[in-house]
Structure formats: C-alpha cells, structure tokens
C-alpha cells in the first residue's frame, strides 16, 4: 500500500495551498465589503425625486419620459407618480406606478398624453409610496 495515502500528516502540495489561499481571500473580502456597507449605510428614509424629459410624439400620442431617483438610504415600494400638464385651460393628468426602487438608484418610465404638452406646464409629484 502507498505510504502517502495512509499517512494522516501528509503535507499539502502548492496547488492545494493556492486554492485554499484564494478561497480564504475571497471569503474575507466578501465579509469585509458586507461589514463596510452595513456601517456606511444610513437610516435616512427614501428621498424620491422626479425628472421629466422632453415630450416625444408617437402616432396619436405624446410620450413623456419620467425618471425616478431615490437618494435615500432605504428602498421604496408601490411608488405612485402623478404627471400633469395644462391643455387650453384644462389640466390633463397621467399616473405612473413603479413597483420598487432600491436605495441610491433610479428607475425610468413613460406617461402618454393625447396632445402635445408644453414642457413649461409639465409637473410631476410623488403621491405616495410604501416602505417594503
């Protein structure tokens, strides 16, 4: 019988040490990143901000790009956004719903109006959201 296979005090070869070292470094690095993020992450609630893009004509509708930013430390869910515009004295209203937005991230969507809105009359606001 081979003496190496029965000897419990056999030394590891260089490949085994290399794999062990890389695995240990990866594990410690991952734990370090998680600890750093948990310390750095604050408790500020979701801070939602909306920017509207230029209206774009498409067939019989005009689409307006909507970008939602969350500058807070916490995520938000079920975000309801209302976009309004004045048309010949009347106000038109569109609603947009985002299911979720993570902390320090952004989401994009579109609303459609039947007529071309004046960019000066476009207004957007968050009407509500939930803490997930």
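Here is a yes/no grid of residues against (1) under 30 Å from residue 115 (Cα atoms); (2) at pLDDT 90 or above; (3) in contact with a strand residue (DSSP E or B) (Cβ under 7 Å, 6 or more places away or on another chain):
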| site | (1), (2), (3) |
| --- | --- |
| 1 | no, no, no |
| 11 | no, no, no |
| 23 | no, yes, no |
| 47 | no, yes, yes |
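Would you call residue 97 without any contact (Cβ under 8 Å) to a residue 24 or more places away in the chain and either over 16 Å from residue 120 (Cα atoms) or touching a helix residue (DSSP H, G or I) at 6+ places or on another chain (Cβ under 7 Å) (or both)?
yes
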| note | The condition from (1) within 30 Å of residue 37 (Cα to Cα); (2) touching a residue at least 40 places away in the same chain (Cβ under 8 Å) that residue 71 misses is numbered (2)
| Can you name the residue in the stretch 8-61 that is in the same structural domain as residue 118 (by TED's automatic domain parsing) and touching a helix residue (DSSP H, G or I) at 6+ places or on another chain (Cβ under 7 Å) and, of all such residues, is farthest from residue 95 (Cα to Cα)? | 54
| Do we have any residue at all in the stretch 53-61 that's under 15 Å from residue 125 (Cα atoms), at pLDDT 95 or above and exposed (fewer than 15 other Cβ atoms within 10 Å of the Cβ)? | no
| task | Provide a single number: the residues in the stretch 62-86 that are in a strand (DSSP E or B) and surrounded by 15 or more Cβ atoms within 10 Å (Cβ to Cβ). | result | 14
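The values are calculated or read from the model by the stated rules, or taken from the named source; none is laboratory data. These figures come from a predicted structure and were not determined experimentally. Cβ coordinates were reconstructed from backbone atoms using ideal geometry, including for glycine residues, and neighbour counts include every protein chain displayed.
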